[in-house]
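Since every read-out is calculated from the coordinates, none of them should be taken as a lab result. Just so it is clear, the structure is predicted and the values come from calculations on it, not from any experiment. So basically every Cβ, Gly included, is an ideal-geometry build from the backbone, and we count neighbours across all protein chains shown.
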Amino acid sequence: MDKVFGWLKRIDVPTLIIFLFLIALFVLAAFTNVSIPSLLSDSIRRIGMNGVLVLAMVPTIRVGTGPNFGLPVGIIGGLLGALISMQLGLTGFVGFWVAILFAVLICIGIGLGYGWLLERVRGQEMMVGTYMGYSIVAFMSIMWLMLPFKNPDMIWAIGGKGLRYTLTLDKYFGHVLNNFLKFRIGGFEFPTGLLLFFAGACFLVHLFFKTRMGLAIDLVGQNERYAISSGVNPSRARLVAVVMSNVLAGVGIIVYAQSYGFLQLYQAPLFMTFPAVASILIGGASIRRANIRNVVVGTAVFQTLLTIALPVLSQVTRGDITEVMRLIVSNGMILYALTRAPREA
Amino acid sequence: MEKLKKFLISYAVPIAFSILCVSAVLIAKIPPIFLISEIVRRLSRNTFLVLSLIIPIIGGLGLNFGIVLGAMAAQAALFFVVDWKIKGLLGILIACLMASAISIVLGWLAGLTLNRAKGREMITSMILGFFANGIYQLIFLFFIGSLIPFRTKQFLLPEGVGLRNTVDLYGTVASALNRVWTIRIGMVNVFVLPLLIVAALCLFITFLFKTKLGQDIRAVGQDMHIAEVAGINVNKVRIIAVIMSTVLAGIGQVIYLQDIGTINTYNSHEQIGLFSIAALLVGGATTRKATIWNAILGVVLFHTLFVVAPSAGNRLFGQPQVGEFFREFLAYAVIAFALAMHGWRTKKILM
């Protein structure tokens, strides 16, 4: 009994509320004629789809610079990688891995610059990151119109210049991970490859935090002075963390795009940040500590909530209330994390 | 020489932006009369909102992204004024009073929240704005017409619940302030009353910082700990600063919307925070220092670029879209730059 209470005490109030809300939705779903297996397979797919993007929050939180609000910076790198792979006309798994390869290279480059900037603005990383994200998305919007991509599938049919808003990936690497070793049980579909990839990414990050560099990052996040006295270079640890977060964001958007089947350019990267930040916070992270379990739990709860809410709530209310719910839940969660007492945060 | 260098460094942003504006104007080849009349109109329309940012900056809270709360309050007030069919100046007056009342409550809540997040007020106020936007949508998309009575059916969605995307102010309060006293100089219309209100606000802000309260706000902004030791109730002063800013933003949004004439129910307030903050920063303000002149200069410079950017983009690249993205990029980049400078300086002080 004491154990249960101890466990309850460690859970945040908002997380508990969201969890109860989720259970209530499931109960509600049982009474309406919504197909639960298809809801579950949608949820599973969306967990794998968003997971890597949420994972990108871990390194920056652990090094003490807060959630990576500059997620679009890394996403842009990922989009560039995917675009290059498409321009080369590569398909299937080759296309996917080449996209990942280019994304990682570009993200390391951008990440070094972005990390250098964040090091200059210690203490304001979240704010500067947010606006760096906005700026780079607006800047790249110009670039999408000007960059010399020539593949007719990618550019506007009329005028022949500038990339389209959404690019279809069906002919390239759409759904390659989702369809890898996919199996079905009745109406329930299990995207094995997608989840394997997510699990692999989680495992790699977990391993990384066991290495010397990973431990250094943890140390800097917990106590910078102590880290210096133990011979760790905090600037370098932060730079590595930011680059790593950036790379994960780049890989994350490719995984997201292949599962969605479309590559979204222009304003789209902006809408990835806040749900990702909210996910890890819902999983029990704060703006100063996070682990892989927070990522998995948070993504699972938040994405399941979003998937289930739409069909269930649309039977109770008119119109799409889920979009509003997502705004309130994700921003409320971030707000709660930001205003927690400093000893916790 | 030393002086010149200092001048150039502290006014780097306005100078760079002036050069950018002049070149964009030259490239776009926009008729100067049109440009002047647009700028004059935008001065009377936007300056009040930009000025609402000054008090929290001096209070040490940084850029108050929470002014969108005031803007939402103003829109809520205007919806009801339109619904009750109160016309003209009386409508504006009632809208301002209602907006202020809602803004006081919202500002108080925002102040309480920001006091719990000292040192990260800006990001918190920004997220607070997004959160409030969710609540706003919940109210005006799902509650209005069902839980909250609303008579004017033409503004509601076909099912009778939720407001349409645009709510028209024509025939009620549109241009109610502008129309009172218009001076025509050649082709340029000057709306005197809004400009007078802006001037009054400038006087009020100048006067405020001469009072005890204003001095307290300044002291808190310079150093919270010293202010605390000096016997100032820091938390209370900060809350007052946020409430003032929110109320001013509410009134500012009423002035803005009566000029525009229609409310974009779900968008009008979102852009306001971004553009007001960008304008203030373009005028040479920083996250710790802002004056009335920064606001006025900022509105002129930022909106010049705003007007000419699409045609300049069209002339340069053959695509008006490029100009539009470019102007958006500038708004964000200016803020990012100012924030980076802020972080840079804070770090230097700490070291």
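The modelled label-to-label distance between B:ARG184 and A:GLN315, using points 7 Å beyond Cα along the C-beta direction, is 6.4 nm. Report, ordered by chain and residue number, the lysines lying within cross-link reach of A:LYS150, taken as a straight Cα distance under 30 Å and ignoring same-chain residues fewer than 8 apart. Of all the lysines, those that pass the test against A:LYS150 - Cα under 30 Å, at least 8 places apart if same chain - are A:LYS161, A:LYS171. Applying 1/(1 + (r/R0)^6) with R0 = 45 Å to the Cβ-Cβ distance of A:LYS150 and B:ALA199 gives a FRET efficiency near 0.20. Extents of segment B:13-350, largest first, come to 57, 53, 35 Å (Cα atoms, principal axes, whole angstrom). Ranked by the mean number of other Cβ atoms within 10 Å per residue, highest first, peptides B:80-90, A:110-120 order as A:110-120, B:80-90. Remark: relative contact order (chain B) = 32 percent; criterion is Cα-Cα distance under 8 angstrom and separation of 6 or more residues.
Taken over the protein assembly as shown, the convex hull of the Cα atoms encloses 196 Å³ per residue.
Would you mind calculating the relative contact order of chain A from Cα pairs under 8 angstrom and at least 6 residues apart, reporting the percent as a whole number?
Details: 550 pairs, mean separation 107.0, N = 345.
With pairs under 8 Å counted, the relative contact order is 31 percent.
Contour minus end-to-end for A:LYS210 and A:MET143, with contour as 0.36 nm per residue of separation and end-to-end as the Cα-Cα distance? Could you put the intermediate results ahead of the total?
On the way: separation 67, 0.36 × 67 = 24.12 nm, distance 3.94 nm.
Gain on stretching A:LYS210 to A:MET143: 20.2 nm.
With the Kirkwood sum run over all distinct C-alpha pairs, segment A:187-308 has a hydrodynamic radius of 16.3 Å. Straight-distance candidates among the lysines for linking to B:LYS6, with alpha-carbon spacing under 18 Å and chain neighbours fewer than 8 residues away dropped: B:LYS289, B:LYS348.
Extent of segment A:16-163 along its three principal axes (Cα atoms, max minus min coordinate, largest first): 54, 45, 28 Å. Here, P(r) means the percent of Cα pairs in each 10 Å bin from 0 to the largest distance; for segment A:37-270 it is 8, 31, 32, 21, 7, 1, 0. Modelled this way, with points 7 Å down the Cα-to-C-beta line, the labels at A:GLN267 and B:LEU90 are 4.0 nm from one another.
Compare the peptides A:241-249, B:102-110 by average per-residue count of other Cβ atoms within 10 angstrom and give them in order, highest first. Can you show the working numbers first?
On the way: A:241-249: 28.3, B:102-110: 21.4.
Put in order of decreasing packing, that is A:241-249, B:102-110.
Each other residue within a Cβ distance under 13 Å of B:ILE226 adds +1 if Lys or Arg and -1 if Asp or Glu, for a net charge of -2.
Taking each residue in A:112-123, count the Cβ atoms of any other chain within 10 Å of its Cβ, then average. What number comes out? Don't jump to the answer; show the numbers that get you there.
On the way: counts 0, 0, 0, 0, 0, 4, 2, 2, 5, 10, 6, 7.
Averaged over the peptide's residues, the number is 3.
Based on DSSP H assignment, which helices of chain A show an axial Cα extent of at least 18 Å together with a mean Kyte-Doolittle hydropathy greater than or equal to 1.6? Please report the intermediate quantities before stating the final value.
On the way: long enough: A:13-31 (27 Å, 2.91); A:36-55 (27 Å, 0.91); A:71-87 (24 Å, 1.71); A:92-120 (42 Å, 1.74); A:125-146 (30 Å, 1.23); A:192-208 (24 Å, 2.11); A:234-260 (38 Å, 1.02); A:270-282 (20 Å, 2.22); A:292-316 (35 Å, 1.44); A:322-338 (24 Å, 1.16).
Length and hydropathy pass: A:13-31, A:71-87, A:92-120, A:192-208, A:270-282.
Once the C-beta distance of B:HIS225 and A:ILE17 is scaled by a Förster radius of 51 Å, the resulting FRET efficiency is 0.90 to the nearest 0.05.
By Kyte-Doolittle mean hydropathy of at least -1.0 and Cα axial length of at least 18 Å, which whole DSSP H helices of chain B are selected?
Numbers: long enough: B:12-28 (24 Å, 2.53); B:32-51 (27 Å, 0.92); B:67-83 (24 Å, 1.99); B:88-115 (39 Å, 2.00); B:121-138 (25 Å, 1.01); B:192-208 (24 Å, 2.92); B:234-260 (38 Å, 1.30); B:268-282 (21 Å, 1.25); B:292-317 (36 Å, 1.36); B:320-350 (45 Å, 0.49).
The qualifying helices are B:12-28, B:32-51, B:67-83, B:88-115, B:121-138, B:192-208, B:234-260, B:268-282, B:292-317, B:320-350.
When both segment A:188-218 and segment B:161-214 are represented by their alpha-carbon centers, they are found 56 Å apart.
One Cα centroid belongs to segment A:41-89, the other to segment A:249-287; the line between them spans 5 Å. For the listed residue pairs A:LYS182/A:LYS210; B:LYS210/B:LYS236; B:LYS87/B:LYS153; B:LYS87/B:LYS236; A:LYS3/B:LYS236, the alpha carbons are over 30 angstrom apart in A:LYS182/A:LYS210; B:LYS87/B:LYS236; A:LYS3/B:LYS236. Using the average count of surrounding beta-carbon atoms within 10 Å as a protection proxy, the listed peptides B:191-197, B:238-244 rank, highest first, as B:238-244, B:191-197.
Each Lys or Arg adds one and each Asp or Glu subtracts one; over the other residues with Cβ under 12 Å from the Cβ of A:LEU239, this totals +2. Look at the stretch B:132-141: the mean tally of other chain Cβ atoms within 10 Å of its residues' Cβ atoms is 4.
In chain A, the DSSP-assigned H stretches of four residues or longer account for a calculated mean residue ellipticity at 222 nm of -23500 deg cm²/dmol, using -39500 (n - 2.57) per stretch and the full residue count as denominator.
The helix-only estimate of mean residue ellipticity at 222 nm for chain B, built from DSSP H runs of length n ≥ 4 each weighted as -39500 (n - 2.57), is -24000 deg cm²/dmol after division by the residue total. The aspartates and glutamates whose alpha-carbon is closer than 15 Å to the alpha-carbon of B:LYS3, local same-chain residues fewer than 8 away aside, do not include any residue. Considering only C-alpha atoms, what is the centroid distance from segment A:135-185 to segment B:104-124, in Å? The two parts, judged by their Cα centres, are 41 Å apart.
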